[in-house]
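Any read-out appearing in this document is the output of simple, stated calculations on the displayed coordinates, not a laboratory observation. Predicted, not measured: the structure shown is a model, and the values here were computed from it. Glycine gets a Cβ as well: all are built from the backbone with ideal geometry, and neighbour counts include every protein chain shown.
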Amino acid sequence: MPRKAAFLTLALSVVLLGADPQPSQPREDKSRVLTFEAAGTAGPLSEWNHWPNGIVGTMFLDSTVVHEGRYSARLERVPGSPAPFSSLALEVPIDFSGDTLELRGWMKYENVTGYVGLLQRQDGKAGTLAFDNMGQRGLKGSADWAEYRVTLPLMPKATRVYAGAVLADQGKLWVDDLRLYVDGKPLAEAPVLARTPTVLDTDHEFDAGSKVEITNLTPAQVENLVMLGKVWGFLKYHHPAIIAGKRHWDYDLFRVMSGVLSARDRASGQRALAAWVASLGEAPPCSSCVKTPKGRAILPRLGWISDRKLLGKDLSARLLAIYARRPDVDEQFYVAKTPMVGNPDFSNELGYTALKEPDAGFRLLSLYRFWNIVEYWSPYRDVLDEDWDQVLGEFVPRVTAARTHDDYAAAMMTLIARAHDTHANLWSSIDVRPPRGKAQVPVRVRFIENRAVVTGYQHATLGPQSGLEIGDVIREIDGVPVDALVARWRPMYAASNEAARLRDMGRALTQGDPGIARLGVKRDGATIDVNARRVGVDSLDVRSGWTHDLPGPTFRRLSDDVAYLKLSSVKSGEVADYLRGAAGARCLVIDIRNYPSAFMVFELGQHLVSDSTDFVVFTSGDTRNPGAFDWRGGVASLIPEKPHFDGGVAILIDEVTQSSAEYTTMAFRARPGAVVVGSTTAGADGNVSKIPLPGGLPHDDQRDRRVLSGS
């Protein structure tokens, strides 16, 4: 993950001619709701979103313990409370403008074993754009009333903000007097925002469905649909009308799809596509044409647009002309760059969440959208263990054949896995990934040398009662060898490498329906049968064992010569204490077999180097040349700061070391003489771009993203 820095707001440079600003409406006053002085017409906290949905017994309106006024909200969790956390948030429309949005509020908490925090989440058409729930601040235990603040850049494409609080694990949290501030001033004083409608707001022809019906595809139809997907994606990122946001490009797909499906062979498909491209209008001549990039780290794969046998003379000529006249723009309507970071932003992609059972047209849209995003915006496209063109051809019949929502989600999950990226997954539909079920044997399983080994328990009582012992190797489940299960499930597990894939399979291995699981187990050289009961996952500590560092304090001296620091519970404000504690040690062991609880790359890394030390350069996609990537200007460096740790540095890693943990490892190992010890990491060192898919299937790494989530 790149260095965290203050974000700059970046407005869309696209202006739609002829569009009138939406009339501003009087802002609804939510202040009494945010301070809990309005109980709601349908009952206490009725205006608030609760997570989990419909949860009972953990959220209350409290008239006894308050900070100010008559009421506060109380979140209370005890052993057996459903889900790993409870949270509530009020939805407030973003009808105001500014640079920063701050949530202020008062909290009091008692005996919290997880953490508490205020939460702010900004959403747009594509989903979450900014999020903070204070999880990394590590607020736990007990504390009296105090004011806390969560500040985020006000995202230009955000249309609503959720403001509230979260309580993870067990304990009590009172929250009161929540208030929103824009650029340091109360929300009521913020300028009213008049939004200009886009084509996504005005074109509603296919809101209820694509009107595309497909039963059984012929080989010619599959071939023509594959070509449609490639041409549609090329035009999306190269044609000036689409780049400028003048076309609802999803709905234009449906307008041409029936004609392509009617084509009986390749030639008639070529003619249908050529006529469609012609209907978009000629790309205007450019006064300063974009030059085809040379010497780039990665170049676009566009040789196919010159292939007249594949496309026909007319269609090929039209695509070549569009490419030659592609606009010279910093930002496109359907893709932009995240400010200060550079990874692609797909905020204008619609999720069509109301489509619970997406029809064949929307399912193909989902395939085309994801395939083309990888084709043009993934820097790893050329190193995939796949022929990406062949993947498109394989999945056209698969997604059209899906008859249920689960079939569709499973097909898309399998497609996403073909991108071989541990960050990638279909988190909204993870339950369709095998093994399916809401229960599991209450033990931790980790693949060690390709064997499924019991490494601990997920419940202090039920774990030992399962009949399994630490060190047992599970070889069969309900009569099926584990090796066969792994082979069967592998296509639906998205991962950059086998270490990350087996990590995730191990966590889910014993999952299934409640009841007895018949396990074949190897113990002390003998093979035995164990009938272990699966229990509901809500009653288990399913995150137990997700880190492999030492239990106990964050920092300790293992000996006079060796200091130990684990990053899973590290705090930025305590770096000076860690360094004082490590003074005189011959070696500092930094354990990153976890996910860092705070961003330590610079907070700690600057004390590990004696000279300015570069440790990373970044690739960045090119909106002028989609599919091309270059090294982004500048590097990230560790700048020395006192006190300097003089001893050696050893860094511990394994398969749970992912994303920010890998980035931190990359930084710390740049210190001269540092040693990295361990096994293959998860292979997901980079920023996450969210890709919403039709039917409410968000694809991304959901860590710290859900509005009411404490994960």
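What dipole magnitude, in Debye to the nearest 20, does the chain give about its Cα centre under +1 on Lys/Arg Cβ and -1 on Asp/Glu Cβ? Kindly include the intermediate steps, with their values, before the conclusion.
On the way: 82 positive and 85 negative charges, 197 e Å.
In total the dipole reaches around 940 debye.
The residue among Val688, Val112, Gln136 whose Cα reaches farthest toward the positive pole of the charge dipole of the chain, with charges on the beta-carbon of Lys, Arg, Asp and Glu, is Val688. For the stretch 31-189, the relative contact order comes to 31 percent (Cα pairs under 8 Å, sequence separation of at least 6).
Computed over neighbours whose Cβ is under 12 Å from that of Gly312, the net charge equals +3, Lys and Arg +1, Asp and Glu -1. Taking the Cα centre of the stretch 387-521 as origin and assigning +1 to Lys and Arg Cβ atoms and -1 to Asp and Glu Cβ atoms, the resulting dipole is close to 220 debye. For the stretch 73-144, the square roots a ≥ b ≥ c of the C-alpha gyration tensor eigenvalues yield an a/c of 1.5 or more together with a/b exceeding b/c, which makes the shape prolate.
Residues Arg580, Arg671, ranked from the fewest to the most other C-beta atoms within 10 Å, line up as Arg580, Arg671. Using the Cβ of Gly80 as centre and a radius below 13 Å, the other residues enclosed give a net charge of -3, where K and R count +1 and D and E count -1.
Classify the stretch 526-647 from the C-alpha gyration tensor, please: rounded if a/c falls under 1.5, else prolate or oblate depending on whether a/b exceeds b/c.
On the way: a/c = 2.71, a/b = 1.21, b/c = 2.24.
Oblate.
For the stretch 205-423, the spread of Cα positions along the three principal axes, ordered from largest to smallest, is 49, 41, 35 Å. Within the chain, which whole H helices from DSSP have a Cα span along their axis of at least 27 Å and a mean Kyte-Doolittle hydropathy of -1.0 or more, if any? Qualifying helices, which must be both long enough and hydrophobic enough, are 219-238. Each Lys or Arg adds one and each Asp or Glu subtracts one; over the other residues with Cβ under 14 Å from the Cβ of Gln270, this totals +4. When the charge dipole of the chain is built from unit charges on Cβ atoms (+1 for Lys and Arg, -1 for Asp and Glu) and taken about the Cα centre, the candidate among Val570, Ser610, Pro153 whose Cα reaches farthest toward its positive end is Ser610. As a proxy for reagent exposure, Trp249, Trp276, Trp631, Trp427 were ordered by neighbouring Cβ count within 10 angstrom, fewest first; the result is Trp631, Trp427, Trp276, Trp249.
Distance between the C-alpha centres of the stretch 93-130 and the stretch 472-547: 37 Å, rounded to the whole angstrom.
For the residue pairs Lys172/Lys690; Lys211/Lys236; Lys230/Lys690, the C-alpha atoms sit more than 29 angstrom apart in Lys172/Lys690.
If we count other beta carbons within 10 Å of each Cβ, what is the order of Ser689, Ser86, Ser679, fewest first? Please report the intermediate quantities before stating the final value.
Numbers: Ser689 21, Ser86 25, Ser679 12.
With the fewest neighbours first, Ser689, Ser86, Ser679 line up as Ser679, Ser689, Ser86.
Sequence gap at least 6, Cα distance under 8 Å: using those rules, report the relative contact order of the chain to the nearest whole percent. With pairs under 8 Å counted, the relative contact order is 14 percent.
Rounded to the nearest 500 deg cm²/dmol, what is the calculated helix-only ellipticity per residue at 222 nm for the chain, with -39500 (n - 2.57) per DSSP H run of length n ≥ 4?
On the way: 16 runs with 161 residues, N = 711.
Calculated at 222 nm, the ellipticity per residue is -6500 deg cm²/dmol.
At q = 0.07, 0.10, 0.11 Å⁻¹ the log10 of I(q)/I(0) for the chain amounts to -0.55, -1.14, -1.36, computed by Debye summation with a single uniform scatterer per C-alpha, solvent ignored.
Given 0.36 nm per residue, what is the gain on full extension from Asp538 to Asn497 after removing their alpha carbon distance, in nm? If you can, show how the numbers build up before the last one.
Working: separation 41, 0.36 × 41 = 14.76 nm, distance 2.95 nm.
Value of the extension gain: 11.8 nm.
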